[in-house]
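Visitor: Mind looking over this structure? Questions follow.
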Amino acid sequence: MINKSVSNAIEAIGEVKSGMTIAVGGFGLCGIPENLIAALIAKNLKELTCISNNAGVDDFGLGLLLQGKQIKKMIASYVGENAEFERQMLSGELEVELVPQGTLATRLMAGGYGLPVVYTPAGVGTEVAEGKEVRKFKFHGVEKDYLMEYAFEPDFALVKAWKGDRMGNLIYRGTAQNFNHTMAMCGKVTIAEVEELVEPGVLDPNFIHTPGVYVHRIFQGENYEKRIEQRTFRPKD
């Protein structure tokens, strides 16, 4: 039985270095690895390439790394809530690769499955396809163009789960399932922070979302803010 637990986020990212590519789980501000992001800031890593669904907001999530000029390139599908991201992109300080959301998820899964490339109709005929190979395939009796996209190969994947055990098995809660599972699959080294760390055998194997085989280090996080990106209220009757 392999005990993959470490004491805290700083210990967990001990091998992460400036210039590396990291995949970061979460959707908006839901399910983001808050403690691991804070550790990256504390370690003052620079020139990072980040793969994430979004870039957080100005004062939270990956937005904090942007404030510290720690991210060199951002690969994401949605970046509309971050003014500092916009400023850095328009000024040329930040390299940006926008990826259709389904393509982002598929490229992450391909990395986990060991597939070097995938073909998708998303992005064909748009700026997304510039400089990329396009091939025709017949699928369900219809022939059309498909865009070749490379699988992601991040040096580290940082994810956040609700519960996990010391062998690295993870259970996400609600919407936090989002991109965390696919991120966990594709990392050369995957680090998970959890709200509750339990002993092996405690978790019901029928409800495990990410098997421990994908996870290399795990620790119990603390002081979660769990912010809401945009509050929506139902009008009073």
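The values are calculated or read from the model by the stated rules, or taken from the named source; none is laboratory data. Computed from a predicted model, the values in this text were never measured in an experiment. Heads up, the Cβs are rebuilt from the backbone with ideal geometry, glycines too, and the neighbour counts pull from every protein chain shown. For the accessible areas, the whole protein counts, side chains as well, though only heavy atoms, and no ligand, DNA or RNA atoms are used. Shrake-Rupley method; radii C 1.70, N 1.55, O 1.52, S 1.80 Å.
Visitor: Could you run through the stretch 91-107 and say how many residues are open to solvent by 60 Å² or more (accessible area, probe 1.4 Å) and touching a residue at least 24 places away in the same chain (Cβ under 8 Å)?
Guide: 3
Visitor: For the stretch 160-179, give me each residue that is out of contact with any His (no Cβ under 8 Å at 6 or more places or on another chain) and either outside any loop (DSSP other than H, G, I, E, B) or more than 16 Å from LYS226 (Cβ to Cβ) (or both). Lay out the reasoning, then the answer.
Guide: Start the filter on the stretch 160-179 by keeping residues that are out of contact with any His (no Cβ under 8 Å at 6 or more places or on another chain), which leaves 160, 162-167, 169, 173-176, 178-179.
Of everything in the stretch 160-179, those that are out of contact with any His (no Cβ under 8 Å at 6 or more places or on another chain) and either outside any loop (DSSP other than H, G, I, E, B) or more than 16 Å from LYS226 (Cβ to Cβ) (or both) turn out to be LYS160, TRP162, LYS163, GLY164, ASP165, ARG166, MET167, ASN169, GLY174, THR175, ALA176, PHE179.
Visitor: Turning to a different aspect of this structure: Give me the residue from the stretch 4-52 that is on the phi > 0 side of the Ramachandran plot and open to solvent by 30 Å² or more (accessible area, probe 1.4 Å) and, out of that set, modelled with the lowest pLDDT. Before you say what the answer is, go through the steps one by one.
Guide: In the first step, residues of the stretch 4-52 are kept if they are on the phi > 0 side of the Ramachandran plot; the result is 19, 26, 28, 31, 44, 47.
In the following step, the residues that additionally are open to solvent by 30 Å² or more (accessible area, probe 1.4 Å) were identified as 19, 44, 47.
Working: GLY19: 97, ASN44: 94, GLU47: 97.
Filtering the stretch 4-52 for residues that are on the phi > 0 side of the Ramachandran plot and open to solvent by 30 Å² or more (accessible area, probe 1.4 Å), the one modelled with the lowest pLDDT comes out as ASN44.
Visitor: Which residues, counting only those in the stretch 11-43, are within 30 Å of GLN230 (Cα to Cα) and among the small types (Gly, Ala, Ser)?
Guide: Across the stretch 11-43, the qualifying residues are ALA23, GLY25, GLY26, GLY28, GLY31, ALA38, ALA39, ALA42.
Visitor: So, in the stretch 39-50, how many residues would count as being under 21 Å from MET109 (Cβ atoms) and touching a Ser or Thr at 6+ places or on another chain (Cβ under 7 Å)? Before the answer, list the steps.
Guide: Start the filter on the stretch 39-50 by keeping residues that are under 21 Å from MET109 (Cβ atoms), which leaves 49-50.
Cutting the leftovers down to touching a Ser or Thr at 6+ places or on another chain (Cβ under 7 Å) gives us 49.
Qualifying residue count for the region: 1.
Visitor: Going through the stretch 61-90 one residue at a time, which ones are under 21 Å from GLU225 (Cβ atoms), open to solvent by less than 20 Å² (accessible area, probe 1.4 Å) and more than 15 Å from the chain's Cα centre (by Cα)?
Guide: Those that are under 21 Å from GLU225 (Cβ atoms), open to solvent by less than 20 Å² (accessible area, probe 1.4 Å) and more than 15 Å from the chain's Cα centre (by Cα): LEU66, GLN70, ASN82, PHE85.
Visitor: Take the residues of the stretch 44-60 that are in a loop (DSSP other than H, G, I, E, B) and among the hydrophobic types (A, V, I, L, M, F, W, C): which is farthest from GLU225 (Cα to Cα)? Walk me through how you get there before you give the answer.
Guide: Residues of the stretch 44-60 in a loop (DSSP other than H, G, I, E, B): 44-47, 52-53, 55-56, 58-59.
The next check asks that each one be among the hydrophobic types (A, V, I, L, M, F, W, C); those that pass are 45, 55.
Numbers: LEU45: 23, ALA55: 17 Å.
Checking each candidate, the answer is LEU45.
Visitor: Kindly check whether there is at least one residue in the stretch 67-77 that is free of Cβ contacts under 8 Å to residues at least 24 places away in the same chain and either acidic (Asp, Glu) or under 17 Å from PHE152 (Cα atoms) (or both).
Guide: Of the stretch 67-77, the ones free of Cβ contacts under 8 Å to residues at least 24 places away in the same chain are 67, 71.
Still in the list and also either acidic (Asp, Glu) or under 17 Å from PHE152 (Cα atoms) (or both): none.
No: the stretch 67-77 contains no residue that is free of Cβ contacts under 8 Å to residues at least 24 places away in the same chain and either acidic (Asp, Glu) or under 17 Å from PHE152 (Cα atoms) (or both).
Visitor: Of VAL124, VAL118, which residue is over 25 Å from LYS17 (Cα atoms), in contact with a strand residue (DSSP E or B) (Cβ under 6 Å, 6 or more places away or on another chain) and part of a loop (DSSP other than H, G, I, E, B)?
Guide: VAL124
Visitor: Still on this structure, please answer the following. Taking the condition hydroxyl-bearing (Ser, Thr, Tyr) and open to solvent by 60 Å² or more (accessible area, probe 1.4 Å), does THR182 pass? Steps first, answer last, please.
Guide: Values: hydroxyl-bearing (Ser, Thr, Tyr): yes; open to solvent by 60 Å² or more (accessible area, probe 1.4 Å): no.
Answer is no for this residue.
Visitor: Now, a different point. Only one residue in LEU115, LEU94 is closer than 30 Å to GLY68 by Cβ and of a type outside the set (Phe, Trp, Tyr), so which one is that? Lay out the reasoning, then the answer.
Guide: Details: LEU115 fails: closer than 30 Å to GLY68 by Cβ.
Within the list LEU115, LEU94, the selection yields LEU94.
Visitor: I would also like to ask the following. Need pairs with beta-carbon distance below 9 Å; first residue at positive phi and within the stretch 108-133, second among the charged types (D, E, K, R) and open to solvent by less than 60 Å² (accessible area, probe 1.4 Å); sequence gap 6+ or separate chains.
Guide: GLY123/GLU149; GLY125/ASP145
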